[in-house]
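As structure tokens, the structure follows; a few thoughts come after it.
Nothing in this text is a laboratory measurement; each read-out follows from the coordinates by a stated rule. The structure presented is a predicted model; accordingly, all values stated were derived computationally and were not measured. All Cβ positions, glycine included, derive from the backbone under ideal geometry; neighbour counts span all protein chains shown.
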Amino acid sequence: MQFVTLNNGVKMPQLGYGVYKVEDKEATPAVLNAIRAGYRSIDTAALYGNERGVGKAIRECGVAREELFITTKVWNSDQGYEKTLKAFDESLEKLGLDYLDLYLIHWPMPAEDTYVDTYKALEKLYADGRVKAIGVCNFNIDHLQRLLNECEVKPVLNQIECHPYLVQKELKAFCEENDIYVESWGPLMRGGAIFENEAVQSIAKKHGKTPAQVILRWHLQNDSIVIPKSVTPSRIEENIDVFGFELMPEDMDQITALDRGERTGPVPAEFNKK
Ligand code: NAD
């Protein structure tokens, strides 16, 4: 496994396992399979309703807690200082953990204007040593800039939708300038059309790899953190088997050139579902 060093010195596996849309019961065997396959970073969220199932796998897996990197997120309905502190306690209780590695704001909801207060609660949890690192998801440049202006602790990363059809060049450049990692969600475009793309297929063929492996490699070589999801054991293994080959600069350029600003998820500044 390859690690990145976040802006507060914490080390995080560059590739992790996402569990969106994995039911609570299904989460335990899925996460156990992932940990057996070598994953050490798990990305869940209060919204996913599977923190208990994830926690059970963490307890049963036989890998020491300090070797695992566990992320969860505060959901929109819990934004605000006090509500976020309570939501954190609830997530920790469900996971059965006494600290978290990374706590994230799930969406900025700018129209509600609560993300700064929410982030201040994350800062308090960080200062109290209850979480090793704090960050955000789905933040645009203006949302990040506000945190940089009004808060003390820089977010370690911004988890955003990113894949070859949504390269996020400008936002990624801003994050890099500010020492904030990009973590790609939906890195495989949720298993969609991207696998059928001719350029992706021909690069995969050239390297003797699958389209999924080539796309994950593109994220890694772009210096992004990546959290693919699958509950299929063979795909769980396939998605972590991406450290033994390298894309050439022309392969990277060809994949980056596929950008067409296509989202699978909501427009971040407009999303405020609770
Ligand atoms: P993804 O791009 O990881 O795609 C997952 C889907 O791709 C799977 O369900 C499966 O159908 C397919 N797939 C996976 N591996 C494959 C392979 N090797 N071959 C063929 N098909 C394969 O999409 P995702 O689950 O939406 O994103 C990954 C993780 O990111 C989530 O599980 C979650 O943890 C996180 N996420 C965060 C947010 C956010 O707002 N912060 C939003 C969505 C997802």
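Overview of values
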| item | result |
| --- | --- |
| Total formal charge among the other residues, if their Cβ is under 13 angstrom from that of residue 3, Lys/Arg +1 and Asp/Glu -1 | -1 |
| Gained length - residue 206 relative to residue 150, 0.36 nm times residue gap less alpha-carbon distance | 15.3 nm |
| Sorted by Cβ density within 10 Å, fewest first, the residues 75, 218 | 75, 218 |
| Amide proton proximity set for residue 157, modelled H, under 5 Å, gap of 5+ | 136, 181 |
| Derived scalar couplings ³J(HN,Hα) [the range 234-246; Karplus, 6.51 cos²θ - 1.76 cosθ + 1.60; whole Hz; x for Gly, Pro] | 5, 6, 4, 5, 4, 6, 9, 8, 10, 9, x, 8, 9 |
| Folded to 0 to 90 degrees: helix 81-95 orientation relative to the chain principal axis, Cα | 60 |
| Electrostatic dipole magnitude of the chain [Cβ: Lys, Arg +1; Asp, Glu -1; Cα centre; debye, to 20] | 660 |
| In order through the range 163-173: 3J(HN,Hα) via Karplus (6.51 cos²θ - 1.76 cosθ + 1.60), integer Hz, x for Gly, Pro | 6, x, 8, 8, 6, 6, 4, 5, 5, 5, 4 |
| Dimensionless Rg over Rh [the range 42-111; C-alpha; Kirkwood] | 0.99 |
| Built amide H within the under 5 Å cut-off of residue 163, gap 5+ | none |
| Value in Å of the Kirkwood radius, where the range 89-210 supplies the Cα pairs that are averaged | 16.2 |
| Ranked list, fewest to most other Cβ atoms within 10 Å of each Cβ, for 99, 48 | 99, 48 |
| Share, in percent, of DSSP beta bridges within the range 1-129 that are antiparallel, nearest 5 | 25 |
| Around residue 199: net Lys/Arg minus Asp/Glu count, Cβ-Cβ under 13 Å | -3 |
| 3J(HN,Hα) from dihedral phi, the range 110-118, Karplus parametrisation 6.51/-1.76/1.60, rounded to Hz, x for glycine, proline | x, 5, 7, 6, 10, 6, 5, 4, 4 |
| Computed over the chain, Kirkwood Rh from alpha-carbon pairs, angstrom | 18.8 |
| Residue pairs, from the table 86/172; 25/169; 56/206; 132/209; 94/132, whose Cα atoms sit over 30 Å apart | 86/172; 25/169; 56/206; 132/209 |
| Paramagnetic reach from residue 256 (point 7 Å along Cα→Cβ, amide N under 18 Å) across the range 204-240 | 214-226 |
| Built amide H within the under 5 Å cut-off of residue 17, gap 5+ | 41, 42, 43 |
| Reference-scaled alpha-carbon Rg (2.2 N^0.38 Å with N residues) for the range 194-274 | 1.22 |
| Gap separating the Cα centres of the range 232-274 and the range 94-121, nearest whole Å | 24 |
| Taking 107, 185 and counting other C-beta atoms within 10 Å, the order from fewest to most | 185, 107 |
